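The values are calculated or read from the model by the stated rules, or taken from the named source; none is laboratory data. Treat the numbers as computed from the prediction; the structure is a model and nothing was measured. Backbone-built Cβ (ideal geometry, glycine too); neighbour counts: all protein chains shown.
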């Protein structure tokens with residue numbers, strides 16, 4: 001299990017220059033925004049605006065803090081996301097504008113190169129023990145609130161773990177904890 005502490009995450013500008021993102025992990029390591037297989041990051045969105053386009057990439061967006069965001073796609077579809085919403089999967093090369101509901105948000109972005117990798121994002125709440133499994137590829141754990149016990153190691157809020165699959169991990173957090181389990185699989 002590889003642990004990535006919050007302090008070790010890299011802050012970098014958005015592709016479209018509209019803000020900054022905190023990169024948790026990318027493959028291959030050190031890959032630029034134009035040439036990654038998969039990428040996990042968090043961003044602060046402080047104003048309405050278009051999302052960066054990533055040709056050939058699929059994306060899942062989850063709201064971490066704030067009152068939410070409405071995604072207005074170029075084809076007319078709109079989707080409202082808030083902290084209670086399930087992680088939302090969409091093609092990162094679709095034209096989309098984010099409209100904030102009432103103030104800024106922080107979000108979790110998981111992206112993978114279509115036809116090479118696929119991903120799945122699950123939001124878990126604390127309040128007792130549970131297990132998370134991945135059959136192949138990688139399992140990435142992103143701790144957002146509370147301290148999480150992961151196979152005897154503590155992940156504090158902002159810490160992350162990457163485990164090669166097959167993997168089954170025993171998790172435990174106090175009530176009110178939040179963690180995202182990300183399964184990455186080669187196609």
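The table that follows gives values for the structure above.
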read-out: Odd one out for residue 109 among (1) under 24 Å from residue 9 (Cβ atoms); (2) in the same structural domain as residue 25 (by TED's automatic domain parsing); (3) touching a strand residue (DSSP E or B) at 6+ places or on another chain (Cβ under 6 Å); (4) part of a loop (DSSP other than H, G, I, E, B); value: (4)
read-out: Failed item, numbered, when residue 11 is tested on (1) in a loop (DSSP other than H, G, I, E, B); (2) free of Cβ contacts under 8 Å to residues at least 40 places away in the same chain; (3) exposed (fewer than 15 other Cβ atoms within 10 Å of the Cβ); value: (1)
read-out: Residue check for residue 158: in contact (Cβ under 8 Å) with a residue 40 or more places away in the chain, part of a loop (DSSP other than H, G, I, E, B) and either out of contact with any strand residue (DSSP E or B) (no Cβ under 7 Å at 6 or more places or on another chain) or surrounded by 16 or more Cβ atoms within 10 Å (Cβ to Cβ) (or both); value: yes
read-out: Failed item, numbered, when residue 78 is tested on (1) within 20 Å of residue 5 (Cα to Cα); (2) in contact with a strand residue (DSSP E or B) (Cβ under 6 Å, 6 or more places away or on another chain); value: (1)
read-out: Evaluation of residue 57 against (1) modelled with pLDDT of 90 or more; (2) within 26 Å of residue 154 (Cβ to Cβ) (one fails), failing number; value: (2)
read-out: Close pairs from region 79-90: first in the same structural domain as residue 103 (by TED's automatic domain parsing), partner part of a loop (DSSP other than H, G, I, E, B) and modelled with pLDDT of 95 or more, Cβ under 6 Å, at least 6 apart; value: 81/68; 82/68
read-out: Unmet requirement for residue 67, which otherwise passes all of (1) modelled with pLDDT of 95 or more; (2) surrounded by 21 or more Cβ atoms within 10 Å (Cβ to Cβ); value: (2)
read-out: Selection count, region 133-155, where residues are assigned to a strand (DSSP E or B), touching a strand residue (DSSP E or B) at 6+ places or on another chain (Cβ under 6 Å) and within 20 Å of residue 24 (Cα to Cα); value: 13
read-out: Test: residue in region 141-149 that is free of Cβ contacts under 8 Å to residues at least 40 places away in the same chain and either within 21 Å of residue 38 (Cβ to Cβ) or exposed (fewer than 13 other Cβ atoms within 10 Å of the Cβ) (or both); value: yes
read-out: Number of positions in region 14-52 that are more than 24 Å from residue 117 (Cβ to Cβ) and surrounded by 18 or more Cβ atoms within 10 Å (Cβ to Cβ); value: 1
read-out: Members of region 14-46 found to be more than 19 Å from residue 96 (Cβ to Cβ), assigned to a strand (DSSP E or B) and modelled with pLDDT of 95 or more, listed by number; value: 24, 25, 26, 27, 38, 40
